[in-house]
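Read the figures in this text as sums done on the coordinates, not as results from a lab. Since the structure is predicted, the reported quantities are computational estimates derived from the model, not experimental observations. When we count neighbours, we look across all protein chains shown, and the Cβ atoms used for this are built from the backbone with ideal geometry, even at glycine.
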Amino acid sequence: MAGLDLLGSIPSLLAAQAGEDQAPKFGVIHYNAPGKTVDEFLRWAKDTGFGYVELQCADVWRPGIVPQAEATRVRGLLDSLELKVSALAAGNDFVLLDEELIANQVDRMRRVCELAKMVGTNVIRTEGGQPKDSVPEERYAEAIAGCLSRCVPFLESMDVYLAVDNHGMITNNVPLQIEIFQRVGSPRVGANVDTMNYRWRGTDLETLNTWYEQIAPYAIHTHLKDGFGSLANYRGAALGEGEINLTWAVECLQKAGYKGVWTAEYEGPGDTGVGYAKCLAWMREHIR
């Protein structure tokens with residue numbers, strides 16, 4: 001990333017801005033978790049022992065509701081439960097070269113940032129986007145970085161950070177992620193480090209361990225996830241019960257200065273409430 005050598009790592013920069021060395025913060029994503037509604041999910045998260053939650057954009061912005069009013073209502077419930085939001089997931093698509101489509105997605109991201117601030121976070125988990133015939137593979141980095149760069153002015157004015165997820169079939173690739181961040185050249189844009197997704201995409205375990213070290217200096221948010229195998233052979237597991245070297249991933253992030261929320265994501269079999277409780281127990285035992 002342009003300027004990274006001067007700033008140090010993004011997580012170190014964020015920790016310095018926070019001004020204090022806090023105890024580890026443990027969160028849970030509102031995905032595959034108990035609770036049919038956001039209210040039920042939040043109450044379950046509190047009862048299970050999590051202090052932070054990652055919300056989905058649809059939790060506050062969906063047909064039939066006024067987003068600002070719903071964000072205000074959800075913030076009230078969060079405060080009453082003494083929960084905080086680690087990130088709001090945007091559900092965007094930045095694999096675009098068409099100017100009109102780019103303008104629409106960038107404007108939508110600005111609105112998502114406004115809602116994020118209303119629910120109490122300045123971190124947005126973004127998607128890179130989906131493959132499409134209109135954007136050739138050799139222009140993926142250009143397309144995604146172009147959209148992200150258009151967001152930087154309002155990110156700075158609103159004090160918001162975008163954490164690009166290694167999700168799907170495009171940004172599940174550390175060299176491509178780093179190329180994107182270097183093109184954007186702003187500490188406002190970094191990575192959501194999902195510990196399983198690179199493996200899900202087909203990365204071998206040896207390369208995966210190298211990639212954790214390479215991506216850690218760009219981390220803004222995390223998904224701690226475990227499992228086995230890739231693509232059709234993928235099987236999710238509770239933290240510590242799969243083939244991912246989670247202790248190494250955590251070590252890489254901590255060495256880079258990461259002080260953000262450690263967010264559990266469970267995609268294993270059986271009762272997801274039990275699975276997430278196992279994940280929380282692992283985090284409490286292994287992250288200091």
- prompt: Roughly how many Å is it from the Cα centre of segment 126-159 to that of segment 59-75, as a whole number?
  reply: 26 Å
field: Relative contact order (%) - segment 67-197, alpha-carbon pairs under 8 angstrom, separation at least six
entry: 25 percent
task: Based on alpha-carbon positions alone, could you give the equivalent ellipsoid semi-axes of segment 25-156 from the gyration tensor, as √(5λ), descending, whole Å?
output: 30, 15, 13
field: GNM result for the chain, Cα springs below 10 Å: residue of Lys132, Lys259, Lys46 fluctuating most strongly
entry: Lys132
Cβ-derived FRET efficiency at R0 22 Å, Asn233 paired with Gln130, nearest 0.05: 0.50
field: Global size of segment 4-286 as Cα Rg and Dmax, reported in angstrom
entry: 17.8, 49
query: How large is the helix-only mean residue ellipticity at 222 nm for the chain, computed as the sum of -39500 (n - 2.57) over DSSP H runs with n ≥ 4, divided by its residue count, in deg cm²/dmol to the nearest 500?
result: -14000 deg cm²/dmol
task: Send over the per residue convex hull volume for segment 136-180, Cα only, as a whole number of Å³.
output: 71 Å³
message: Which lysines, if any, have their Cα less than 28 Å from the Cα of Lys36, not counting same-chain residues under 8 positions apart?
response: Lys25, Lys46, Lys84, Lys117, Lys225, Lys278
- prompt: With contacts defined as alpha carbon pairs under 8 Å and 6 or more residues apart, what's the relative contact order of the chain in percent?
  reply: 22 percent
- prompt: GNM, the chain, Cα, under 10 Å: largest mean-square fluctuation among Ser157, Ser12, Ser149?
  reply: Ser157
task: Run the quick spin-label model on Lys36 and Glu99: label points 7 Å from Cα toward the beta carbon, then report their separation in nm to one decimal.
output: 4.8 nm
query: For segment 13-49 and segment 163-227, what is the separation of their C-alpha centers, rounded to whole Å?
result: 21 Å
